[in-house]
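Colleague: One structure coming up, written as structure tokens, with questions to follow.
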Amino acid sequence: MKIAFVGKGGSGKTTLSSLFIRHLAAAGAPVVAVDADINQHLGAALGLSDEEAAALPAMGAHLPLIKEYLRGSNPRIASPDTMIKTTPPGEGSRLLRVREENPVYEACARSVTLDDGAIRLMATGPFTESDLGVACYHSKVGAVELCLNHLVDRADEYVVVDMTAGSDSFASGMFTRFDMTFLVAEPTRKGVSVYRQYKEYARDFGVALRVVGNKVQGADDVEFLRAEVGDDLLVTVGHSDWVRSMEKGRPPRFELLEATNRMALQALQNAADDSYAQRDWERYTRQMVHFHLKNAESWGNAKTGADLAAQVDPGFVLSEGVSAVQPA
């Protein structure tokens, strides 16, 4: 299952995504966690020291390796240099799977040991001095989108992405790459404004969206959120002494998280698991191609000097059972 956490800056989406990752790991589920937020705080929320978090390899820095590996022997891709963030897989491409070992994970992922299990953690990487004034953050997130386009995951596997804040994720097609999107919203007008944007932008793409109310202090807050987002409100989360300790860098064992918050995390997992019944690989592939063609026409063809529409394999559908794409 591919799951995204989105919300405005300061809403608590990184904290909630880290709690959800811990919850899945405690249940023994295989998890790949991806920090795709410009602020790069997921590692720290998962218990890494500042030095350990800073030492995480940047996916953006390994983009040439990622392209070379995923390209495989796909005859429609002339060279890795012609691959862009939206390039879809086709016959001959290599796919990524959650539980396997491969050069992309070797270069870009690190194992993080939690109280009750271990996960793979990947990060887009921070802005560097050379990026300032000349690069946009979406050039970093492009590595994540390319990997998601080539990822085959199953119902009992989880890929959890802490997305960039606000509606920035709509600058690419990455918002359609998920089985479930959890939007974290505070019970304020600003808190629900991102929800309205997300709901509007995602309406035509079949995006499964549920709202997690955060920093909720009472019934009035719940009533406000319910009035603003309706049935999209899945669950609410209030004050947590465990989270306060975690934010100080001294988290207790995860099993000591408050029972109400553990129940909230289980509700998130149930909603994500339930969305599997609506998984549609044909639509997923069709949307992938749609955004690739848009990017090709808008800027990709000019940047690469190639006709990127020719990269689309019209007979290929990404799916769990795909057999035409195998590691070379």
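The values are calculated or read from the model by the stated rules, or taken from the named source; none is laboratory data. Every value quoted in this text rests on a predicted model; they were computed, and no experiment measured them. Cβ atoms come from the backbone with ideal geometry, glycine included; neighbour counts cover every protein chain shown. Only protein heavy atoms, including side chains, enter the accessible area calculation; ligands, DNA and RNA are left aside. Shrake-Rupley method; radii C 1.70, N 1.55, O 1.52, S 1.80 Å.
Colleague: Out of everything in segment 85-108 that is open to solvent by less than 10 Å² (accessible area, probe 1.4 Å) and not polar (S, T, N, Q), what residue ends up being farthest from the chain's Cα centre (by Cα)?
Modeller: In this case the residue turns out to be G90.
Colleague: Every residue in segment 250-280 that is free of Cβ contacts under 8 Å to residues at least 60 places away in the same chain and over 14 Å from S17 (Cβ atoms), please. Outline the logic, then answer.
Modeller: Within segment 250-280, the first condition is being free of Cβ contacts under 8 Å to residues at least 60 places away in the same chain, and the residues that meet it are 250, 252, 256, 258-260, 263-264, 267, 270, 274, 277.
Matches in segment 250-280: R250, P252, L256, E258, A259, T260, M263, A267, N270, D274, A277.
Colleague: Do we have A53 as touching a helix residue (DSSP H, G or I) at 6+ places or on another chain (Cβ under 8 Å), surrounded by fewer than 24 Cβ atoms within 10 Å (Cβ to Cβ), at pLDDT below 95 and not basic (K, R) here?
Modeller: Numbers: touching a helix residue (DSSP H, G or I) at 6+ places or on another chain (Cβ under 8 Å): yes; surrounded by fewer than 24 Cβ atoms within 10 Å (Cβ to Cβ): yes; at pLDDT below 95: yes; not basic (K, R): yes.
Judged against the criteria, A53 is a match.
Colleague: Out of all the residues in segment 186-230, which are within 17 Å of A4 (Cβ to Cβ) and among the hydroxyl-bearing types (S, T, Y)?
Modeller: Y195, Y198, Y201
Colleague: With respect to D37, determine if the residue is closer than 30 Å to K248 by Cα, crowded, with 19+ Cβ neighbours inside 10 Å and of a type in the set (D, E).
Modeller: It is true that D37 is closer than 30 Å to K248 by Cα, crowded, with 19+ Cβ neighbours inside 10 Å and of a type in the set (D, E).
Colleague: Also, quick follow-up: I'm trying to understand the selection: among the residues of segment 68-83, which are open to solvent by 20 Å² or more (accessible area, probe 1.4 Å), outside any helix (DSSP H, G or I) and at negative phi?
Modeller: Once the filter is applied, which keeps residues that are open to solvent by 20 Å² or more (accessible area, probe 1.4 Å), outside any helix (DSSP H, G or I) and at negative phi, segment 68-83 yields S73, P75, R76, A78, S79.
Colleague: I'd like to verify a number: residues in segment 173-194 that are open to solvent by less than 20 Å² (accessible area, probe 1.4 Å) and either touching a helix residue (DSSP H, G or I) at 6+ places or on another chain (Cβ under 9 Å) or of a type in the set (S, T, N, Q) (or both), how many?
Modeller: Restricting attention to segment 173-194, the residues satisfying the condition of being open to solvent by less than 20 Å² (accessible area, probe 1.4 Å) are 173-177, 180-185, 191-192, 194.
After this cut, where a residue has to be either touching a helix residue (DSSP H, G or I) at 6+ places or on another chain (Cβ under 9 Å) or of a type in the set (S, T, N, Q) (or both) as well, the list is 173-177, 180-185, 191-192.
Looking only at that region, the number is 13.
Colleague: On to the next question. I'm checking my understanding of the structure. Among residues of segment 180-195 that are aliphatic (A, V, I, L, M) and farther than 10 Å from V229 by Cβ, which one is farthest from the chain's Cα centre (by Cα)?
Modeller: My answer is V194.
Colleague: Still on this structure: Kindly list, by first and then second residue, each pair from a residue in segment 84-98 that is in contact (Cβ under 8 Å) with a residue 60 or more places away in the chain and outside any strand (DSSP E or B) to a residue that is open to solvent by less than 10 Å² (accessible area, probe 1.4 Å) and of a type in the set (G, A, S), limited to pairs with Cβ atoms under 8 Å and residues at least 6 apart or on different chains.
Modeller: I84/G142; I84/A296; I84/G300; K85/G142; K85/A143; T86/G173; T86/A296; T86/G300
Colleague: Further question on the same structure: Can you confirm whether S245 is among the small types (G, A, S), touching a strand residue (DSSP E or B) at 6+ places or on another chain (Cβ under 7 Å) and either within 20 Å of T14 (Cβ to Cβ) or in a helix (DSSP H, G or I) (or both)?
Modeller: no
Colleague: Mind listing just one residue for me: the one in segment 203-223 that is among the β-branched types (V, I, T) and farther than 30 Å from M288 by Cβ and, of those, least open to solvent (accessible area, probe 1.4 Å)?
Modeller: Restricting to residues being among the β-branched types (V, I, T) and farther than 30 Å from M288 by Cβ, the top hit is V216.
Colleague: With the structure loaded, tell me whether V112 is out of contact with any helix residue (DSSP H, G or I) (no Cβ under 9 Å at 6 or more places or on another chain) and open to solvent by less than 40 Å² (accessible area, probe 1.4 Å) or whether it fails that test.
Modeller: no
Colleague: Something else about it: Keeping to segment 78-90, report how many residues are touching a Gly at 6+ places or on another chain (Cβ under 8 Å) and either of a type in the set (A, V, I, L, M, F, W, C) or under 19 Å from E320 (Cβ atoms) (or both).
Modeller: 1
Colleague: Scan (1) farther than 22 Å from T176 by Cα; (2) in a helix (DSSP H, G or I); (3) open to solvent by 30 Å² or more (accessible area, probe 1.4 Å); (4) touching a residue at least 60 places away in the same chain (Cβ under 8 Å) for the single condition L65 breaks and write down its number.
Modeller: (4)
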